[in-house]
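Data first, discussion second: the structure below is written as structure tokens.
The values are calculated or read from the model by the stated rules, or taken from the named source; none is laboratory data. If you're wondering where the values come from, they're calculated on a predicted model, not measured in any experiment. Because the Cβ atoms are built from the backbone with ideal geometry, glycine has one as well, and the counts that use them run over all protein chains shown. Please note that ligands, DNA and RNA were not included when accessible areas were found on the heavy atoms of the full protein model with its side chains. Shrake-Rupley method; radii C 1.70, N 1.55, O 1.52, S 1.80 Å.
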Amino acid sequence: MIMVRIVFEPKLKEKHWDIGKELELIDLWEKEGLFRFEYDEKRPTLIIDTPPPYLSGKPHVGQAAHYVQIDMVARAYRMLGYNVLVPFYGDRNGLPVEVYIEKTYGLNPHEIAKTVEGREKFLEMCKQYLDEVEKEFLGIWRRLGCSFEYWKEGTDSPEYRAITQSTFIELWRRGLIYEAERPVMWCPRCRTAIAEAEIEYKEETAKLYYIKFRLADSTDEAIVIATTRPELLGACLVLAYNPRDTRYKHLRNRKAVVPIYNYTVDIIEHPSVDPEFGTGIMMFCSYGDQTDVRVIRELRLKPRVIIDQEGRFNELAGPIAGLTVTEGRKKIVEILRNNGFIVKEETIVRRVPVCWRCGTPIEFIHTKEYFLKQLEFRDTLKKIIDEMKFFPPEHKRKLIDWIESLAMDWPISRSRYYATEIPVWRCRVCGSVLVPEPGRYYRPWKEPPPWNECPVCKAPSTALEGEKRVFDTWFDSSISVLYAAGITKYPQIFKLYVEKKAKTLRPQGIDIIRTWLYYTILRIYQLYNRPPFDMVRLNGMGLDEKGEAMHKSKGNVIYPEPYLEKYGADAFRFWSAAAAKLGSDYRFQEQLLRTGILFINKLWNIARFISAFPEVEAPKDLVPTDLAILGLLNDLIENVRKRYEELDFYEPINNIYHFVWDIFADHYIELVKSRAYNIEKNFTDEEQKSAWYTLHVVLRSILLLLAPILPFVTDYIWRNIYGNGKTIHRELLPRPRPEWSSIYKEKFRLVMELNSRIWTLKKSRNMKLSQPLNATLYVINKDIEPFIKDLKYLHKIKDAKLEPPPENVRDKAQELLPGVFIVFE
């Protein structure tokens with residue numbers, strides 16, 4: 001009889017994964033048009049409102065990880081059976097690019113933009129810089145394997161700006177936008193109004209000055225107030241104490257004389273005064289802070305505004321007119337001291353509101369701006385957000401707290417340049433504000449009005465003056481979901497969005513909940529009477545290795561390119577998933593990239609081993625060891641699918657890693673290796689085929705589950721083993737199979753424990769793990785019995801018996817587990 005020996009040749013020839021193959025796959029994906037959006041009406045649709053990155057410089061590893069996670073969502077949902085529209089385009093509006101051009105070229109945009117030609121030149125300089133930075137961004141996203149659909153038309157395109165202007169026109173006509181002169185928060189450096197959401201706070205050491213006010217009806221009585229802003233004395237409108245403060249009841253309805261300025265103000269009771277601060281008496285000025293704005297409005301006091309739009313004091317400020325705020329404070333303190341008005345000084349730490357873009361302390365000034373109504377919608381918006389699912393849910397509270405804290409309508413106009421123009425003309429004759437028809441992009445500062453005469457008073461078109469101001473950049477960004485839903489590119493998808501027949505996701509950082517997320521909810525509700533999203537995914541901030549936020553000024557910014565070159569994109573993506581628990585901040589850890597590349601090579605080695613065996617149909621009866629791993633695989637599939645649906649990749653990558661390395665590779669593959677090769681014919685053909693079938697089923701499933709996170713290595717392996725050259729990224733995720741709900745899966749944990757103990761035993765006897773054991777294994781543990789044959793040949797144990805050790809060797813028996821004994825000869 002002639003014995004035919006099967007030669008097992010792996011389909012994967014290389015012994016290690018080569019990260020250079022990632023570049024080949026990127027080119028192949030683009031050639032195949034793999035991620036171009038295609039609509040299949042039989043599938044549900046997911047629209048991802050991808051955060052357009054602000055193109056102010058190269059992305060650091062935290063920002064790169066954020067977009068990688070969004071790509072994982074897109075890939076996972078495609079494999080869950082969805083049409084996924086996930087655009088990528090640049091956020092190209094706003095102040096940062098202007099500030100960069102100002103500093104780089106030493107320009108004053110307010111001066112250069114006084115002429116149409118100068119403004120056009122400044123805008124072109126901004127655009128050229130953004131074009132350069134966008135190329136860099138695209139190169140990095142491409143290298144990371146992101147499967148976005150790139151749209152060249154960013155937020156500064158006529159296409160996008162026309163949408164923004166159309167929403168303004170709609171809301172203006174419905175009376176939700178109005179123009180008014182009122183106190184606004186103002187950045188003196190940027191010389192523009194800013195919204196509440198654009199304020200940050202920084203702590204600084206300051207002086208608290210105790211200043212004496214003479215009572216108007218007495219020559220010898222005085223009261224003392226404490227303030228950190230003595231420069232606002234000339235704007236003082238009223239003094240107040242708390243109604244519960246009995247110390248000052250005698251001052252009610254009396255008047256005090258403002259030092260230096262010598263005009264009188266009323267002394268009143270007001271509940272907003274903190275009796276514990278300073279002396280318990282405070283001055284309300286126009287304007288020191290939000291409290292001043294609120295109280296002055298409430299009391300209907302006529303403001304005395306003494307700071308202008310450049311952050312300098314005007315003529316009402318008297319002796320400090322013409323000075324900056326800092327200069328004015330120093331000067332007025334000197335005058336007060338010289339005249340005996342300062343009683344004492346204390347050093348305190350205070351929170352100062354600053355512009356979030358440039359860090360300049362903000363002021364409150366009176367200016368005419370366009371406002372979008374928001375205060376009257378607060379209660380409705382809190383109900384609207386209940387219709388959206390938040391992942392993780394605890395961050396929803398931040399949004400509610402912000403809505404409840406709002407104190408004024410949203411000032412949407414800005415005195416800047418590189419942004420969407422406000423589509424308004426004003427008649428110099430009758431003063432009418434004229435708003436054109438929606439549908440195209442208007443630039444009122446440079447183009448003629450779209451009317452031949454004023455529609456109101458019939459004045460000639462030469463009397464119509466175009467608006468020079470632009471929108472707050474968040475007014476643009478807050479309609480990004482309309483753009484992402486295809487309002488200009490995919491009308492069919494946009495119709496699904498409006499009719500709530502498509503699922504919509506907003507992925508974003510927790511740091512812009514009060515801006516991008518809040519403003520989008522407000523705007524889409526006002527425009528469409530619906531919540532903008534079905535799901536909101538909120539991720540934390542990417543930190544450096546010490547756990548600190550990355551800033552150029554701190555010199556701790558970590559860029560991804562060196563790590564992509566060293567470890568590859570899949571390893572970077574592994575870190576992006578494994579380090580980032582959804583909703584929490586995450587550190588950059590090079591060690592996790594090392595772990596990632598080790599795992600990728602482990603996966604490669606597993607796939608290479610399995611690729612040597614033929615794929616077969618499931619035999620009639622699977623071996624218990626195989627049923628056990630399939631039962632554990634079922635649990636993994638169920639868990640990963642659920643987590644992917646919930647937009648989580650932290651738990652899946654950690655669970656898959658544990659399953660692949662600690663269970664499948666370390667135990668299952670070792671247990672079935674002898675059976676899969678069956679060189680000595682210790683197993684039946686059915687038992688051998690059971691191993692082949694199971695190895696391929698598990699590998700297939702692992703590759704599919706990992707594909708959203710590690711798209712390169714999984715695709716390469718799939719094409720070479722299962723896809724016949726076709727990609728894994730058009731496949732669906734595996735589903736749990738009822739026939740794999742094995743009774744053996746829980747028993748397998750005992751098998752793994754027994755394996756570990758036998759290996760430990762070999763080490764204690766200075767044996768190689770592959771050496772035969774001249775021993776007999778006695779098993780009376782019913783949970784171990786089904787696996788005894790695989791165990792015997794894995795550890796090369798001389799014999800294995802389903803009985804207790806006989807009496808003559810019982811004293812030599814070593815108990816490895818309850819009911820499992822080994823006896824050495």
query: Has segment 542-549 got any residue that is closer than 18 Å to Phe588 by Cα and of a type in the set (A, V, I, L, M, F, W, C)?
result: yes
- line: Being under 30 Å from Phe533 (Cβ atoms) and either part of a strand (DSSP E or B) or in contact (Cβ under 8 Å) with a residue 40 or more places away in the chain (or both) narrows Thr347, Thr367, Thr380 down to just Thr380
- prompt: What do you reckon, is Ile512 among the hydrophobic types (A, V, I, L, M, F, W, C), part of a loop (DSSP other than H, G, I, E, B) and surrounded by fewer than 18 Cβ atoms within 10 Å (Cβ to Cβ)?
  reply: no
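Among the residues of segment 771-783, are any under 16 Å from Val672 (Cβ atoms) and not charged (D, E, K, R)?
Looking only at segment 771-783, we keep the residues that are under 16 Å from Val672 (Cβ atoms), and these are none.
So far as segment 771-783 goes, no, none of its residues is under 16 Å from Val672 (Cβ atoms) and not charged (D, E, K, R).
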query: Quick check: anything in segment 45-64 over 23 Å from Lys152 (Cβ atoms) and of a type in the set (Phe, Trp, Tyr)?
result: no
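Within segment 443-467, restricting attention to residues that are assigned to a loop (DSSP other than H, G, I, E, B) and hydrophobic (A, V, I, L, M, F, W, C), which residue is nearest to Glu159 (Cα to Cα)?
Looking only at segment 443-467, we keep the residues that are assigned to a loop (DSSP other than H, G, I, E, B), and these are 443-452, 454-459, 467.
Restricting the remaining residues to those that are hydrophobic (A, V, I, L, M, F, W, C) gives 445, 451, 454, 456-457, 459.
Values: Trp445: 19, Trp451: 23, Cys454: 28, Val456: 30, Cys457: 33, Ala459: 32 Å.
Across segment 443-467, the extreme among qualifying residues is Trp445.
State all residues of segment 205-217 that are closer than 15 Å to Val265 by Cβ and of a type outside the set (A, V, I, L, M); if no residue qualifies, say none.
At the first step, the residues of segment 205-217 found to be closer than 15 Å to Val265 by Cβ are 211-217.
Matches in segment 205-217: Lys212, Phe213, Arg214, Asp217.
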statement: Of (1) touching a residue at least 40 places away in the same chain (Cβ under 8 Å); (2) surrounded by fewer than 20 Cβ atoms within 10 Å (Cβ to Cβ), Lys458 fails just (1)
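Quickly run through segment 319-368 and pick out the residues that are among the acidic types (Asp, Glu) and modelled with pLDDT under 90.
Of all residues in segment 319-368, those among the acidic types (Asp, Glu) come to 327, 334, 345-346, 363.
Residue satisfying the conditions is Glu363 alone.
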task: Considering (1) open to solvent by less than 40 Å² (accessible area, probe 1.4 Å); (2) touching a strand residue (DSSP E or B) at 6+ places or on another chain (Cβ under 7 Å); (3) within 26 Å of Glu198 (Cβ to Cβ), say which one Tyr54 fails and leave the rest.
output: (1)
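Condition test on Glu181, is it modelled with pLDDT under 90 and surrounded by fewer than 20 Cβ atoms within 10 Å (Cβ to Cβ)? Even if it seems obvious, please write down each step before you answer.
Numbers: modelled with pLDDT under 90: yes; surrounded by fewer than 20 Cβ atoms within 10 Å (Cβ to Cβ): yes.
It is true that Glu181 is modelled with pLDDT under 90 and surrounded by fewer than 20 Cβ atoms within 10 Å (Cβ to Cβ).
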query: Within segment 213-223, is there a residue that is at positive phi, part of a loop (DSSP other than H, G, I, E, B) and out of contact with any Pro (no Cβ under 6 Å at 6 or more places or on another chain)?
result: no
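Quick check on my filter: what residues within segment 478-493 are in contact (Cβ under 8 Å) with a residue 12 or more places away in the chain and open to solvent by 30 Å² or more (accessible area, probe 1.4 Å)?
Ile487, Thr488, Lys489, Tyr490, Gln492, listed by residue number.
Scan segment 334-344 for residues that are open to solvent by less than 70 Å² (accessible area, probe 1.4 Å) and at negative phi and jot them down. Spell out how you get there, then give the answer.
In the first step, residues of segment 334-344 are kept if they are open to solvent by less than 70 Å² (accessible area, probe 1.4 Å); the result is 335-336, 340-342.
Passing the criteria: Ile335, Leu336, Phe341, Ile342.
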query: Which number in (1) open to solvent by less than 20 Å² (accessible area, probe 1.4 Å); (2) without any contact (Cβ under 8 Å) to a residue 12 or more places away in the chain marks the one condition that Ile307 misses?
result: (2)
- line: Asn339: passes all of (1) closer than 30 Å to Asn108 by Cβ; (2) touching a residue at least 60 places away in the same chain (Cβ under 8 Å); (3) more than 45 Å from the chain's Cα centre (by Cα) but (1)
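Of all helices (runs of 4 or more DSSP H) completely enclosed by segment 1-110, which ones contain at least 2 residues that are β-branched (Val, Ile, Thr) and closer than 29 Å to Lys581 by Cβ? Step through it out loud before you land on a result.
On the way: elements: 21-32, 61-79, 95-105.
Qualifying helices (runs of 4 or more DSSP H): 61-79.
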- prompt: Cβ-Cβ below 9 Å, separation at least six or inter-chain, first residue in segment 215-229 and under 18 Å from Asn253 (Cβ atoms) and without any contact (Cβ under 8 Å) to a residue 40 or more places away in the chain, second of a type in the set (A, V, I, L, M, F, W, C) and part of a strand (DSSP E or B): which pairs?
  reply: Glu221/Leu215; Ala222/Phe213; Ala222/Leu215; Ala222/Ala256
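How many residues are among the charged types (D, E, K, R), assigned to a loop (DSSP other than H, G, I, E, B) and open to solvent by 60 Å² or more (accessible area, probe 1.4 Å) when one looks only at segment 406-442?
Looking only at segment 406-442, we keep the residues that are among the charged types (D, E, K, R), and these are 409, 414, 416, 421, 426, 428, 437, 440.
The next check asks that each one be assigned to a loop (DSSP other than H, G, I, E, B); those that pass are 409, 416, 428, 437, 440.
After this cut, where a residue has to be open to solvent by 60 Å² or more (accessible area, probe 1.4 Å) as well, the list is 428, 437, 440.
Looking only at that region, the number is 3.
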field: helices (runs of 4 or more DSSP H) enclosed by segment 579-666 - at least 1 residues per element that are small (Gly, Ala, Ser), crowded, with 20+ Cβ neighbours inside 10 Å and touching a residue at least 40 places away in the same chain (Cβ under 8 Å)
entry: 590-610, 624-645
Condition broken by Glu200, with the remaining ones in (1) part of a loop (DSSP other than H, G, I, E, B); (2) open to solvent by 20 Å² or more (accessible area, probe 1.4 Å); (3) at pLDDT below 90 satisfied: (1)
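Regarding Ile679, is this residue of a type in the set (Val, Ile, Thr), under 29 Å from Thr595 (Cα atoms) and either modelled with pLDDT of 95 or more or in a loop (DSSP other than H, G, I, E, B) (or both)?
Numbers: of a type in the set (Val, Ile, Thr): yes; under 29 Å from Thr595 (Cα atoms): no; either modelled with pLDDT of 95 or more or in a loop (DSSP other than H, G, I, E, B) (or both): yes.
Judged against the criteria, Ile679 is not a match.
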task: For Asp156, indicate whether it is surrounded by 22 or more Cβ atoms within 10 Å (Cβ to Cβ) and assigned to a loop (DSSP other than H, G, I, E, B).
output: yes
statement: Of the residues in segment 534-554, those that are open to solvent by less than 70 Å² (accessible area, probe 1.4 Å) and without any contact (Cβ under 8 Å) to a residue 60 or more places away in the chain come to Gly540, Asp544, Gly547, Ala549
- request: Would you tally the residues in segment 230-246 being open to solvent by less than 30 Å² (accessible area, probe 1.4 Å) and in contact with a His (Cβ under 8 Å, 6 or more places away or on another chain)?
  value: 3
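Taking the conditions exactly as written (closer than 30 Å to Glu638 by Cβ and either assigned to a helix (DSSP H, G or I) or open to solvent by 20 Å² or more (accessible area, probe 1.4 Å) (or both)), does Cys126 satisfy them or not?
Details: closer than 30 Å to Glu638 by Cβ: no; either assigned to a helix (DSSP H, G or I) or open to solvent by 20 Å² or more (accessible area, probe 1.4 Å) (or both): yes.
When the stated conditions are applied, Cys126 does not pass them.
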message: For segment 135-158: of the residues being touching a strand residue (DSSP E or B) at 6+ places or on another chain (Cβ under 6 Å) and aromatic (Phe, Trp, Tyr), which is nearest to Asp472 (Cα to Cα)?
response: Trp151
message: So if I check each of Ile403, Ile385, which one is open to solvent by less than 10 Å² (accessible area, probe 1.4 Å), within 17 Å of Ile199 (Cβ to Cβ) and assigned to a helix (DSSP H, G or I)?
response: Ile403
